[in-house]
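The values are calculated or read from the model by the stated rules, or taken from the named source; none is laboratory data. Just so it is clear, the structure is predicted and the values come from calculations on it, not from any experiment. Virtual Cβ from ideal backbone geometry, glycine too; neighbours counted across all protein chains shown. Ligands, DNA and RNA are stripped out before the accessible areas are found, and what is left, the full protein with its side chains, is counted by its heavy atoms. Shrake-Rupley method; radii C 1.70, N 1.55, O 1.52, S 1.80 Å.
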Amino acid sequence: MNYSECIENARTRIGNYCKACSECNGRACKNQMPGPGAKGVGDTAIRNYDKWKEIRVQMDTIAENKPVDTSLELFGKKFKYPFFAGPVGAVGLHYGDCLDDVAYNDILVSSCAKYGIAAFTGDGVDSNVMVAATKAIKKTDGIGIPTVKPWNLDVIAGKMEMVHESKALAVAMDIDAAGLPFLKNMEPPAGSKTVEELRQIAKMAGTPFIVKGVMTVKGALKAKEAGASAIVVSNHGGRVLDQCPATAEVLEEIALAVGDSMKIFVDGGIRSGVDVFKALALGADAVIIARPFVTAVYGGAEEGVKSYIEKLGTELEDTMKMCGVTSLEEIDRDCVWTRS
């Protein structure tokens, strides 16, 4: 199965909201929530996609002809590629009830680990989601990254116990999920966190702690102050705030401000190995891709995930070769062109 066949299969299984588009650009689903769309007019998800396409890669084939190495070392583990599957919650509601979160995460986590990358897993109001996700990660000897919502600290402490049991290589908190409706008006309060609260959570984690949902230099420096090992430059796929900048527009300034003090992931509209290359050139250590992996799971289960990983990996390898670099460390700002 190739990824195009996977997309065709997904269209018969994925429900009424997601259209399983050939190129997941946010336009067909736009502001459909439930569904994969973005908040408000749906502008942010579309902008995420479009801004990566405005960046161009710099071809250079006057270089040594040797094999390309796409591998990445992160948090003591080696991965075949510098991209990861993103966390998605409530798949039955948003994408179609032939799968629930338990079944979805079980397929995604095991398949990603088998084919050389790792999956971030989601969280939700159903406590069984985190239970199943961390069990799936434990089965892969910890090759997965649970993502905890910004609940109150007592609930988070309970979630972290599950993370410890799973031996996950890291744990994330999507702090931008503070904008999701189900977190509002909870008692005890859930949502935004202070630097001190994040510092407490980082200590609870007992493993590399990733703050997901950073869109400014100010936010990145706060996460660093709180003791985060990494950040994810992310606007939650446009699902929590309309008319944000695209992640491609803010990544470079954040990377320059943070330097080598923490790892940097980025998500939002990244859809190809060429896009992955662009993100690395602008300062990311790795990228996260969410919606297309949903299509992969619905359209082909393990085989679908394998086909998408191989598609991205082949595109990245080809881009590196044609741009005169043979390792991720060689990818730098000179490898891309942006409109001044």
For W337, residues with placed amide H under 5 Å, excluding near neighbours: R56, V57, Q58
Cα centre as origin, Lys/Arg/Asp/Glu Cβ charges: segment 1-111 dipole, Debye: 280
Would you please give the residues with an amide H less than 5 Å from that of A172, counting only those at least 5 places away or on a separate chain, with H modeled from the backbone geometry? T147, V148, I210
In debye to the nearest 20, how big a dipole does segment 133-253 give about its Cα centre with +1 on each Lys and Arg Cβ and -1 on each Asp and Glu Cβ? 340
Express the carbon and sulfur contribution to the solvent-accessible surface of the chain as a percent, rounded to the nearest whole number, probe 1.4 angstrom. 50
For segment 112-160, calculate the relative contact order in percent as a whole number, restricting contacts to Cα pairs under 8 Å that are 6 or more residues apart. 38
Assign unit charges at the C-beta atoms only (+1 for Lys and Arg, -1 for Asp and Glu), then state the dipole size of the chain relative to its Cα centre in Debye, rounded to the nearest 20. 400
Given pairs K19/K311; K51/K193; K30/K306; K114/K311; K222/K321 and cut-off 26 Å on Cα-Cα distance, the over-length ones are K51/K193; K30/K306; K222/K321
At most 15 other Cβ within 10 Å, DSSP loop - trypsin sites (Lys or Arg not before Pro), segment 121-224: K167, K184
With a ≥ b ≥ c from the Cα gyration tensor eigenvalues, square-rooted, and the rule rounded for a/c under 1.5, otherwise prolate when a/b > b/c and oblate otherwise, segment 202-340 is oblate
Scoring segment 232-340 by relative contact order with C-alpha pairs under 8 Å, at least six apart, yields a percentage of 25
³J(HN,Hα), Karplus 6.51/-1.76/1.60, whole Hz, each residue of segment 230-239, x for Gly, Pro: 7, 10, 10, 5, 7, 10, 6, x, x, 7
Among beta bridges that DSSP assigns inside the chain, antiparallel share in %, nearest 5: 20
Environment charge at G283 (Cβ cut-off 12 Å; Lys +1, Arg +1, Asp -1, Glu -1): -2
Net charge over other residues, Cβ less than 14 angstrom from the Cβ of A177 (K, R count +1; D, E count -1): +3
How would the chain be classified by its alpha-carbon gyration tensor: rounded, prolate or oblate, with rounded meaning a/c under 1.5 and the a/b versus b/c comparison settling the rest? rounded
What net charge is computed for the residues neighbouring V305, neighbours being all others with C-beta under 14 Å from the C-beta of V305, Lys and Arg scored +1, Asp and Glu -1? 0
If DNA, RNA and ligands are ignored and the probe is 1.4 Å, what is the ranking of W337, W52 by accessible area, most exposed first? W337, W52
A student applying the Cα gyration tensor rule (rounded when a/c is under 1.5; otherwise prolate if a/b is larger than b/c, oblate if not) would label segment 174-218 oblate
Could you work out the relative contact order of the chain, using alpha carbon pairs under 8 angstrom and six or more residues apart, expressed as a whole percent? 25
Distant-in-sequence amide H partners of V287 (H built 1.01 Å from N, under 5 Å): F83, F84, V266
How about segment 29-104: which GluC sites (Glu not before Pro) there lie in a loop by DSSP and see at most 11 other Cβ atoms within 10 Å? E64
